[in-house]
Ligand code: AHR
């Protein structure tokens, strides 16, 4: 009886929408664009991300591919409009010697992937394979250079190899390997997590190293327009950002990175599907912390760079849980539930709303690793809830940012609370888009948005949710969670009212 009462109570809570959330949407020209590169992805030589995920080999007759690259994955990512793809790591980047991955495949050396499972790989996926794949995906490559175990010469040579059109030893080598025209890669990481797997360096030491590497990647005035990204802070390590900003001259750096994962506890991450509400809440707390993090890192950057020339690049973010039972612990393979959809919706709203400084971000990782958008199993491929959120939000790519100020109820659990509703808005080609995420595990939230400066006649939209937070798409049931038409929005005069069910992501179009 008690159980029944509790059940009735919780379901009525899920249906009854609270009316206290309010927001204001300003439609005057903001002069700010949400960089499409905030919707970037990441592909590391880790587990089954590259091998088995993107690349199955040229001789694979079971899985449809073009030059060894899976056609299903390419098609899915093209639909997502992924703007850039970071490669080859992560931690792997500081062990990677790019010359191992060029030339005839049967002559490439095999290497051991020390960080990720200690597996031996044969380097059959290298620079040409990655950059040609980016062309297939219609995305911009972001190459992560090796600063820790490489040399300045090695990185300078890589830049020359992929970017130089004229005659030089490196462009000659490229041509010998079958590629005449350079690929023109703008985005370059200079080391990764230099405070950890990238060399356990101190920030001032790394800043000096960065200055040296960065100097030889281009010329006096960076006329080759490289976008050089310094290895950034581990989450709340504000001293790292401060030291880099203080010690790296602004003519040597275009972006400073930041890594933050939504993790409950690094020693006890918890399962990716069978989690409790307490674990869900802890994940949301870590995801919501991104707001404080970026504000504090940005405040430091503003001190040294008030004109906001240097970008904050959040080139690793996402949920991190225990690996799926029975899988290699070094492969970081995890399922993806509505909890991950909440991380994505909330995080992307934060990024959109800091568009004046956050110019790029990369979800970790694209395929089969951590908060993946695509999972593969041999010839099967599925799209995760995170994929669908990224797709729903891609209307914001390169759109004019519009300020949406949300006053939200709290999502409470015990004595702890978090803001329930987050949102962001933009305008492109005469259409205004609003994305809203309600992370509340139990309660629907009604929000009343006051629109300033424009009259809209219609509102339409899509929603992503599911009965349970723990729901996911599986290879047996791949479409359990997909976006569907949303009927919970209504516009009257200047007021847009939206009923957001518990744990849902909604994308609206106003005309
Ligand atoms: O994304 C997985 C790993 O997380 C990356 O290799 C590393 O940079 C980070 O610690």
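The values are calculated or read from the model by the stated rules, or taken from the named source; none is laboratory data. Here the structure is a predicted model, which is why all the values come from computation and not from measurement. Note: ideal-geometry Cβ built from the backbone for every residue, glycine included; neighbour counts use all protein chains shown.
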* **the stretch 376-415, residues that are assigned to a strand (DSSP E or B) and either within 16 Å of the ligand (Cβ to nearest atom) or under 16 Å from the mean Cα position of the chain (by Cα) (or both)** => 383
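Residue by residue, here is whether (1) within 15 Å of the ligand (Cβ to nearest atom); (2) buried (at least 24 other Cβ atoms within 10 Å of the Cβ); (3) modelled with pLDDT of 95 or more; (4) under 27 Å from residue 253 (Cβ atoms) holds:
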position: 305; (1), (2), (3), (4): no, no, yes, yes
position: 314; (1), (2), (3), (4): yes, yes, yes, yes
position: 324; (1), (2), (3), (4): no, no, yes, no
position: 328; (1), (2), (3), (4): yes, no, yes, no
position: 332; (1), (2), (3), (4): yes, yes, yes, no
position: 335; (1), (2), (3), (4): no, no, yes, no
position: 343; (1), (2), (3), (4): yes, yes, yes, no
position: 348; (1), (2), (3), (4): no, yes, yes, yes
* Given (1) within 16 Å of the ligand (Cβ to nearest atom); (2) touching a residue at least 60 places away in the same chain (Cβ under 8 Å); (3) buried (at least 19 other Cβ atoms within 10 Å of the Cβ), where does residue 283 come up short, assuming only one miss? -> (1)
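Rundown of residues vs (1) within 16 Å of the ligand (Cβ to nearest atom); (2) touching a strand residue (DSSP E or B) at 6+ places or on another chain (Cβ under 7 Å); (3) closer than 21 Å to residue 123 by Cβ, yes/no style:
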site: 37; (1), (2), (3): no, yes, no
site: 45; (1), (2), (3): yes, yes, yes
site: 67; (1), (2), (3): no, no, yes
site: 76; (1), (2), (3): no, yes, no
site: 82; (1), (2), (3): no, yes, no
site: 91; (1), (2), (3): yes, no, yes
site: 96; (1), (2), (3): yes, no, yes
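When you scan the stretch 116-135, how many residues do you find that are in contact with a helix residue (DSSP H, G or I) (Cβ under 6 Å, 6 or more places away or on another chain), buried (at least 18 other Cβ atoms within 10 Å of the Cβ) and in contact (Cβ under 8 Å) with a residue 40 or more places away in the chain? Before you say what the answer is, go through the steps one by one.
So the first thing to find is which residues in the stretch 116-135 are in contact with a helix residue (DSSP H, G or I) (Cβ under 6 Å, 6 or more places away or on another chain), and the list is 116-117, 123-124, 126-127.
Checking the rest, the ones that are also buried (at least 18 other Cβ atoms within 10 Å of the Cβ) come to 116, 123, 126-127.
Next, only the ones that are in contact (Cβ under 8 Å) with a residue 40 or more places away in the chain stay: 116.
Looking only at that region, the number is 1.
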* **Enumeration of residues in the stretch 217-239 that are outside any strand (DSSP E or B), farther than 14 Å from residue 253 by Cβ and in contact with a helix residue (DSSP H, G or I) (Cβ under 9 Å, 6 or more places away or on another chain)** => 224, 235, 236, 237, 238, 239
* To do: Check whether at least one residue in the stretch 182-199 is surrounded by fewer than 24 Cβ atoms within 10 Å (Cβ to Cβ), farther than 16 Å from residue 252 by Cα and without any contact (Cβ under 8 Å) to a residue 24 or more places away in the chain, and report yes or no.
  => yes
* Give the residue, chosen from 189, 196, that is within 16 Å of the ligand (Cβ to nearest atom), over 19 Å from residue 152 (Cα atoms), at pLDDT 95 or above and within 29 Å of the chain's Cα centre (by Cα). => 196
